[in-house]
Amino acid sequence: ASWRSVRKLIGENLYLSAYASPGHYNDMDMLEVGQRKGFVKSAFGKHGDIGLTETEEVTHFGLWCMMSSPLLIGCDVRTLPAFTKRLITNPYLLAMNQNRGLGLQGYVAQRAGSAYVLVKDADELFGTARYVALYNAGDVEHEFCVRSAALDLGGRISAFDLVERADVGEFEDRLFLTVPAHGARFFRFEAERRLERTVYEAETAFLTAYQEIRPAKEAYTAAPEEVASASGGVAVRYLGKGAGNDLVWKSVRVEKAGRRTLTFLCSSAEKRGFTLEIDGRKVAELSVQTQADVFEPVTAEVELDAGVHAIRLSNATAPMPDVDVMFW
């Protein structure tokens, strides 16, 4: 029961949204709610059960709900503080956790340092209602500038605060909110229209060979890693050297059929390439050579039908470049 532990577990799950689906959920471990800072005695030293503040408790429970984690209370429920009881029985947060059977985990749509904006559909896939979390992992307050386009929402947007259980007004284009250190705000946004998503960070993709048993570099299995020069501060490394060590964006929705220029920002100090497949069909062979951690574009002209597509990058025999993002 400590902020250090909560922040670590959130960090481990921020980029695992592609692995959540109905019946398959990332278990973020049991909840430490109800163990309040200043009232917990620990045998584990200064980094053990030092307890959580009310702000940290909201972040803890709310992010577990946003990420569709199983909810298992790990304290003595007979002594729950009134604040905690109201929090964990909040019907709006629980609805976000249960997610109407969609099985979705929120993914990172915006990031500024230690401040993250996560989003997932609320009622139906690609609908106009989305859950949004503003998460400040830092030690000082942060002013968020939430861009509606980054959430794939357009027009007037109404906001409902899940924790406060209240409407908080409407906005268009941008929303500015200050969130305290270790804090988070949770909303249901309802928009006039849903926009076509045109930016897909590599860290939100499905990495088939992803594992946490051995270091990814040693095992040469794809993994997201912090890279300051990447668009979201994270890129996917250690791809390729086998057909199964690939990267797949499984739910790329196209609203209207037509020609698209797919752009991939990639980095490699030596010339490296990959095969681009769409819905199992080989489309192009692409390659790039840059300086280390310098991401440059490689492009492919493709025809996409209206609907949902799977876009796969792979190399069955050689290492791939690091991949930052795909956009059109």
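The values are calculated or read from the model by the stated rules, or taken from the named source; none is laboratory data. Not measured: the values here are computed from a predicted model. All Cβ positions, glycine included, derive from the backbone under ideal geometry; neighbour counts span all protein chains shown. Please note that ligands, DNA and RNA were not included when accessible areas were found on the heavy atoms of the full protein model with its side chains. Shrake-Rupley method; radii C 1.70, N 1.55, O 1.52, S 1.80 Å.
Report whether or not Leu9 is at pLDDT 95 or above, surrounded by 14 or more Cβ atoms within 10 Å (Cβ to Cβ), out of contact with any His (no Cβ under 7 Å at 6 or more places or on another chain) and over 28 Å from Ala235 (Cβ atoms). Criteria not met by Leu9. The number of residues in segment 113-135 that are without any contact (Cβ under 8 Å) to a residue 40 or more places away in the chain, crowded, with 17+ Cβ neighbours inside 10 Å and under 17 Å from Ala95 (Cβ atoms) comes to 2.
Close Cβ contacts (under 8 Å, 6 or more residues apart or on different chains) running from residues in segment 1-21 that are assigned to a helix (DSSP H, G or I) to residues that are small (Gly, Ala, Ser) comprise Arg7/Ala137; Ile10/Ala137; Gly11/Ala137; Asn13/Ser69; Ser17/Gly106; Ala18/Ala205. The sole residue among Arg100, Arg130 that is closer than 26 Å to Leu304 by Cβ and basic (Lys, Arg) is Arg130. If the condition is being in a loop (DSSP other than H, G, I, E, B) and either open to solvent by 50 Å² or more (accessible area, probe 1.4 Å) or at negative phi (or both), then segment 92-112 contributes Leu102, Leu104, Gln105, Gly106.
Of the residues making up segment 122-147, those that are assigned to a loop (DSSP other than H, G, I, E, B) and either of a type in the set (Asp, Glu) or on the phi < 0 side of the Ramachandran plot (or both) are Ala122, Asp123, Glu124, Leu125, Gly127, Thr128, Ala137, Gly138, Asp139, Val140, Glu141.
Residue by residue, here is whether (1) of a type in the set (A, V, I, L, M, F, W, C); (2) surrounded by 15 or more Cβ atoms within 10 Å (Cβ to Cβ); (3) without any contact (Cβ under 8 Å) to a residue 24 or more places away in the chain; (4) on the phi > 0 side of the Ramachandran plot holds:
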site: Glu277; (1), (2), (3), (4): no, yes, no, no
site: Arg281; (1), (2), (3), (4): no, no, yes, no
site: Leu286; (1), (2), (3), (4): yes, yes, yes, no
site: Gly307; (1), (2), (3), (4): no, no, no, yes
site: Ile311; (1), (2), (3), (4): yes, yes, no, no
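Number of residues in segment 286-307 that are of a type in the set (S, T, N, Q) and outside any loop (DSSP other than H, G, I, E, B): the value is 2.
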